[in-house]
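Visitor: This is the structure, below, for whatever I ask next.
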Amino acid sequence: MLSNIGPLELLIFVAAFLVLFVPSMVAYRRKVDRLWLVVVVNVVGGSTGLLWFLALYMAMAMRTRAADGTPLNVPGGTALS
């Protein structure tokens, strides 16, 4: 099966695979608090389309953490208890 695949089909497959994991990559780059949750939603339902958009929304909207552990997008930059 894979021996009959051409270079164009392989390129399309790799591109689709990378696009599928964009929400996880965005969440990782933003250092979101619950990265594992974004990855689970992305892996489990990313291929459905609807859950892919949900995972992307989560990756872009979730709270992030700074290197010292304080949230970045909280007014004043103080940690919430």
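Visitor: Would you mention how many residues in the stretch 49-59 are open to solvent by 100 Å² or more (accessible area, probe 1.4 Å) and hydrophobic (A, V, I, L, M, F, W, C)? Can you show your working first?
Guide: Filtering the stretch 49-59 down to residues open to solvent by 100 Å² or more (accessible area, probe 1.4 Å) leaves 50, 53, 57.
Keeping just the survivors that are hydrophobic (A, V, I, L, M, F, W, C) gives 50, 53.
Number satisfying all stated conditions: 2.
Visitor: Under the condition of being within 17 Å of W36 (Cβ to Cβ) and either outside any helix (DSSP H, G or I) or hydroxyl-bearing (S, T, Y) (or both), which residue from the stretch 49-68 is modelled with the highest pLDDT?
Guide: By that ranking, first place goes to Y57.
Visitor: Let me ask something else. Mind counting the residues in the stretch 1-48 that are open to solvent by less than 60 Å² (accessible area, probe 1.4 Å) and not in a helix (DSSP H, G or I)?
Guide: 4
The values are calculated or read from the model by the stated rules, or taken from the named source; none is laboratory data. The shown structure was predicted, so the numbers you read here are calculated from the model rather than taken from an experiment. Here the Cβ is made from the backbone with ideal geometry for all residues, glycine too, and neighbour counts use every protein chain on show. Side chains are part of the model used for accessible areas, which takes the heavy atoms of the whole protein and leaves out ligands, DNA and RNA. Shrake-Rupley method; radii C 1.70, N 1.55, O 1.52, S 1.80 Å.
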